[in-house]
Protein chains: 2
Amino acid sequence: MDKDNLMQFVRKILPMSRDKAEQLVEKFQPMKIGKHEYLLKAGKVCSETHFIESGTLRAYTYDLDGNEVTTAFYVKHTFAADLLSFFKRDPAKEYIQAITDCETWYLTYEDMQANFHTIPEFREYGRLNIVEQYSQLKERMLSMLQETAEQRYSRLISSSPEIFQEVPLKYIASYLGIADTSLSRIRKEFAKK
Amino acid sequence: MDKDNLMQFVRKILPMSRDKAEQLVEKFQPMKIGKHEYLLKAGKVCSETHFIESGTLRAYTYDLDGNEVTTAFYVKHTFAADLLSFFKRDPAKEYIQAITDCETWYLTYEDMQANFHTIPEFREYGRLNIVEQYSQLKERMLSMLQETAEQRYSRLISSSPEIFQEVPLKYIASYLGIADTSLSRIRKEFAKK
DNA sequence: CTGATTTCTTGACATTTGCGAAGTGGAAGC
DNA sequence: GCTTCCACTTCGCAAATGTCAAGAAATCAG
């Protein structure tokens, strides 16, 4: 397992020389996580950020009635971490669980801080990365505000078809903010078209 | 008009000495914006971030059917800006409009960048500020996922009662993701309790 | 392979919310 | 002062979604 995918991802967000990029990803270390295992549990401080080489994970929390609410899916070649816990050093409110076996490259908070202080490109990358996550969250927010459940489903299946290969539909339902029975109906309607 | 409120806000997010804080807020300049005027228009790059000394603003965009969707309210003693446009230097997708007459302290992107490079505390503040915004957006996202319109209304009125003093209800409705007639019904039910 | 568990679908029914139209009250402009 | 416009409410009905319960289908464990 080499770091090519990680390098490619990093340079896409902030174009830089190959040398700089290599310096930047140097501290990432490999990890394996088995299906159903946890990358993070609520109550613990998120101390690493993981670039997913292979596999799929999800983040979830509980609503006031005790129901699971899936807040994010993490697919290969993206980063998985609880940003808030990671940067604020607060206990996480979410669980991050492997849906399939996963391989990741992870960076600890300490290593990241060290690089922030010594590599200007890394700082800039760090900020842009947060802005990028904010951007995605905002799009999802807008989608919740102005689209119907069917439109959100349609959007998800065309933007991230991989998710549907590996993730149980009930998780997708709670991610879309609807009951699993409603998703089932929507899929039925959707198939007709 | 002095910068006390600004200083206080900045130091709340990242505690630091009074000297450092003064250095940090030095570049902020005063501006006045009249009711109904725009602080930012869609298509333009957001080139300043505004700390609101007094007044209220809202951000909005249009959905696919051409309806206004209110995405944020900015009340006094918080920052107003299109984060994505500001940091990515992309054209904004939103309008930011004054709902009442406003006074702000603003900082240009260039001044911010300059300070980022020379003052470590400023960098750290900048990152934490984004994380803070991300945190608020995430809470709103969760609220959309798991709460009913009435619960969202209830939450907003208790967390930000000021908004209801100055903002037309139809904007609040679109912020909550519901039709203005539905908000009207919800308020009626809510008043009974 | 078999039984147990989980996931997914379906149906009936209740609730929430949206939409269009109508009406009221108040603010703004002339 | 009068008129116009805008914000807000209300009503009736339609559409979307939730809840609960049952059963089919897929998956897992031994």
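The values are calculated or read from the model by the stated rules, or taken from the named source; none is laboratory data. Predicted model only: the values in this text are computed from it and were never measured. A quick note on method: Cβ atoms are made from the backbone with ideal geometry, for glycine too, and the neighbour counts reach across all protein chains shown.
A few notes on this one:
- Only one entry of B:Ile163, B:Ile130 meets the criterion of being away from DNA strand C (no atom under 14 Å from the Cβ), closer than 30 Å to B:Leu24 by Cβ and outside the structural domain of B:Glu22 (by TED's automatic domain parsing), and that entry is B:Ile163.
- Any chance A:Leu64 is at the interface with chain B (Cβ under 10 Å from one of its Cβ atoms) and under 27 Å from A:Asp180 (Cβ atoms): yes
- Inter-residue pairs, beta-carbon under 6 Å, first not assigned by TED's automatic domain parsing to the domain that holds B:Thr56 and in segment B:167-193, second among the acidic types (Asp, Glu) and near DNA strand D (Cβ under 8 Å from one of its atoms), 6+ apart: B:Lys170/B:Asp180; B:Ala173/B:Asp180
- Only one of A:Ala173, A:Ala149, A:Ala92 that is more than 15 Å from DNA strand C (Cβ to nearest atom) and touching a Ser or Thr at 6+ places or on another chain (Cβ under 8 Å): A:Ala92
- Evaluating B:Lys88 against the criteria (1) out of contact with any helix residue (DSSP H, G or I) (no Cβ under 8 Å at 6 or more places or on another chain); (2) at pLDDT below 95 leaves one unmet condition, (1).
- Only one of B:Ala92, B:Ala42, B:Ala81 that is in contact with a Phe, Trp or Tyr (Cβ under 8 Å, 6 or more places away or on another chain) and either outside the structural domain of B:Leu137 (by TED's automatic domain parsing) or more than 16 Å from DNA strand D (Cβ to nearest atom) (or both): B:Ala42
Here's the yes/no breakdown for (1) closer than 27 Å to A:Ile13 by Cβ; (2) β-branched (Val, Ile, Thr); (3) within 12 Å of DNA strand D (Cβ to nearest atom); (4) surrounded by fewer than 15 Cβ atoms within 10 Å (Cβ to Cβ):
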site	(1), (2), (3), (4)
A:Leu137	yes, no, no, no
A:Ser143	yes, no, yes, no
A:Gln146	no, no, yes, no
A:Ile163	yes, yes, no, no
A:Ala173	no, no, yes, no
A:Lys188	no, no, yes, yes
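- Residues that are within 12 Å of DNA strand C (Cβ to nearest atom) and part of a helix (DSSP H, G or I) were ranked within segment A:176-186; the one that is surrounded by the fewest Cβ atoms within 10 Å (Cβ to Cβ) is A:Thr181.
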